[in-house]
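**Q** The following block contains the structure, expressed as structure tokens.
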Amino acid sequence: MKISVIGAGYVGLTTDACLSQIGHDVFCSESDIDKLSKLQSGVMPLFEPHLEKVIEDARRSGRLHFGATAEAIDWGRAIFICVGTPPLANGDADLSAIEGVARAIAKRASGYRLVVEKSTVPVQTGSQLRKHLSKHNTNGLDYDVASNPEFLREGSSVEDFLHPDRIVVGVDSARAAQLLREIYEPIITQRFTCPLHADCPKRNDPVFLVTDTGSAELIKHASNSFLAMKISFINMVANLCEVVGADVTKVAQGMGLDPRIGPAFLSPGIGFGGFCFPKDVQAFIRIAQKSGCDFSLLKEVEKINQRRIEEFVEKVRQELWVVRGKKIAVWGLAFKPNTDDVRFAPSIALVKSLMAEGADVRAYDPEAMEKAKSDLPNISYCSDPYQAAEGADAIVIVTEWDEFRQVNWKRLRSTVEHPLVIDGRNMFVPEEISRHGFRYISVGRNSVVPSQSAIADVNGQRATEANEDVQESLA
Ligand code: UDX
């Protein structure tokens, strides 16, 4: 089926790539000319695992095209709107891009169109879309509006699109439901050539849930807000664990064994970031406020999350006493591993706070440094974790990239000025790090000091090195 996708961001690019992958003929439009020309010349404007290859294959097979919005409106019977809905100052979602696309469709399209809102939008946006389409309808357009929220996690969005737990469609006609079922048929039956696995691990076929538009819109905000609430809950418990000397990872493990709770999203840390949770929680609170409903529970979720940065900086102060003039290696800038996205990343607020106290910050991130430069122009960007750690008074871990699990601690020990790791993502087993001669502070767990044997080893190593230096100078 010919399908149009409007917007080539993290959601739009995954949507057009995966719809092409399952056999549709997709036209994707992007209003950012620079991004569009990159895509037309086969250059990816963002990092998302596997996406580049899926897009390349689709373009080569002639099932994926990039161009302007007008062309997209003419192209497909179904038009997926995947434009950004960033937060306004008051927390409302900014729907101006959505409104602009709706107007463009109404003014240009004729015949039938299924207009699908995939961007995360407040409940009742679908009814606003309908009103707008009829208000600007110039060419006798016959249309349906549907909500089809995305449940994509950055870093695994191709996997999440092709192997979802559920596909939710909010529709106002049987025609729209039927068309969406046709579009998603290969995914519903899991019958397509998967670009990720030679033989796809057998999964339960996804549930194709048909609701009204408003319920579908609410499923998205409610799901994200619930996940954010789980994270703030375990972060709240982590603070108590630090005071009473319990281990929050054990508490989370014990809780997660209850299938009603589940182990996922109970990892304590420096807080949730990204372009979804922070803005979706804000938007949900605003929707409730405007509807006269009390969502103070979610306001607490937000407050707990916002406090994580200050609580983490306090750990740094406790360890360094004076932050001014200290060299701090920041490992990780992206809001989570396997993405280059730094939007609403905890790293941004943390680094700004450390710099405000006069720290000399040297950062390393495998993918996100380019995108971080506009938010953090005045820090040093390093080529690897060791360069960031040179002469460091502390290593601060903000994003749990796998690369950091492979570092050579012996080499690091001779690189840093002071053997201190403050880990905002509980990447390591404390005792392991102390064996390498580092003091290790983490979240919701006891801090550990370097083991005596490690100190002896390190002192021994230093003595040997000093002796070698003396021998060399005598020679
Ligand atoms: C989220 C939802 O998971 C996804 O379903 C929705 O479609 C879009 O928003 P995403 O924002 O890409 O996906 O990342 P996610 O993996 O959910 O992590 C969000 C933030 O929560 C990250 O900053 C992550 O570090 C943090 N997090 C996640 C925790 O702090 N603890 C956890 O246990 C899980």
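**Q** Of the residues Thr14, Thr69, which single one is farther than 26 Å from Glu159 by Cβ, surrounded by 18 or more Cβ atoms within 10 Å (Cβ to Cβ) and in the same structural domain as His132 (by TED's automatic domain parsing)?
**A** The match here is Thr69.
**Q** Counting just the residues of segment 198-212 that are modelled with pLDDT of 95 or more and surrounded by 15 or more Cβ atoms within 10 Å (Cβ to Cβ), which one comes out farthest from Val115 (Cα to Cα)?
**A** Phe208
**Q** If the requirement is being out of contact with any Phe, Trp or Tyr (no Cβ under 7 Å at 6 or more places or on another chain), outside the structural domain of Glu154 (by TED's automatic domain parsing) and crowded, with 21+ Cβ neighbours inside 10 Å, which of these qualifies: Ala388, Ala372, Ala363, Ala356?
**A** Going through Ala388, Ala372, Ala363, Ala356 in turn, the sole match is Ala372.
**Q** Taking the condition of being more than 10 Å from the ligand (Cβ to nearest atom) and either not in a helix (DSSP H, G or I) or not charged (D, E, K, R) (or both), how many residues in segment 265-286 meet it?
**A** Residues that pass the stated criteria total 5.
**Q** Going through Ala106, Ala146 one at a time, which residue ends up being surrounded by 22 or more Cβ atoms within 10 Å (Cβ to Cβ) and not in a helix (DSSP H, G or I)?
**A** The match here is Ala146.
**Q** Of (1) of a type outside the set (Ser, Thr, Tyr); (2) touching a strand residue (DSSP E or B) at 6+ places or on another chain (Cβ under 7 Å); (3) within 21 Å of Glu185 (Cβ to Cβ), Ile6 satisfies all except one. Which?
**A** Of the numbered conditions (1) of a type outside the set (Ser, Thr, Tyr); (2) touching a strand residue (DSSP E or B) at 6+ places or on another chain (Cβ under 7 Å); (3) within 21 Å of Glu185 (Cβ to Cβ), the odd one out for Ile6 is (3).
**Q** Take the residues of segment 189-230 that are part of a helix (DSSP H, G or I) and more than 17 Å from Ile285 (Cα to Cα): which is nearest to the ligand (Cβ to nearest atom)?
**A** Ala216
**Q** Another one. Looking only at helices (runs of 4 or more DSSP H) that lie completely in segment 317-401, which have at least 1 residues being in contact with a Gly (Cβ under 6 Å, 6 or more places away or on another chain)?
**A** 346-356
**Q** If I ask for residues that are surrounded by 19 or more Cβ atoms within 10 Å (Cβ to Cβ) and closer than 30 Å to Val123 by Cβ, which ones from segment 234-254 would you list?
**A** Of everything in segment 234-254, those that are surrounded by 19 or more Cβ atoms within 10 Å (Cβ to Cβ) and closer than 30 Å to Val123 by Cβ turn out to be Ile234, Asn235.
**Q** Right, here's the next one. Being of a type outside the set (Ser, Thr, Tyr), free of Cβ contacts under 8 Å to residues at least 24 places away in the same chain and more than 14 Å from Thr69 (Cβ to Cβ) is the filter here, so list the residues in segment 21-39 that pass it.
**A** Asp34, Lys38
**Q** Read through the list (1) without any contact (Cβ under 8 Å) to a residue 24 or more places away in the chain; (2) assigned to a helix (DSSP H, G or I), then give the number of the only condition that Arg260 fails.
**A** Every listed condition holds for Arg260 apart from (2).
**Q** Out of Asp172, Asp212, report the one residue that is in contact with a Lys or Arg (Cβ under 9 Å, 6 or more places away or on another chain) and closer than 25 Å to Tyr143 by Cα.
**A** Exactly one residue qualifies, and that residue is Asp172.
**Q** Shifting gears a bit: With respect to Glu242, is the statement that it is among the acidic types (Asp, Glu), within 14 Å of the ligand (Cβ to nearest atom) and either out of contact with any Leu (no Cβ under 9 Å at 6 or more places or on another chain) or assigned by TED's automatic domain parsing to the domain that holds Val448 (or both) true?
**A** In short, no.
**Q** Being surrounded by fewer than 20 Cβ atoms within 10 Å (Cβ to Cβ), within 16 Å of the ligand (Cβ to nearest atom) and either without any contact (Cβ under 8 Å) to a residue 24 or more places away in the chain or of a type in the set (Gly, Ala, Ser) (or both) narrows it down to one of Gly42, Gly140, Gly62, Gly84, so name that one.
**A** Result: Gly84 is the single residue among Gly42, Gly140, Gly62, Gly84 that is surrounded by fewer than 20 Cβ atoms within 10 Å (Cβ to Cβ), within 16 Å of the ligand (Cβ to nearest atom) and either without any contact (Cβ under 8 Å) to a residue 24 or more places away in the chain or of a type in the set (Gly, Ala, Ser) (or both).
**Q** Name the one entry in Gln253, Gln289 that is more than 10 Å from the ligand (Cβ to nearest atom), under 26 Å from the mean Cα position of the chain (by Cα) and not aliphatic (A, V, I, L, M).
**A** Gln253
The values are calculated or read from the model by the stated rules, or taken from the named source; none is laboratory data. Keep in mind the model is a prediction, meaning the values are calculated, not measured. When we count neighbours, we look across all protein chains shown, and the Cβ atoms used for this are built from the backbone with ideal geometry, even at glycine.
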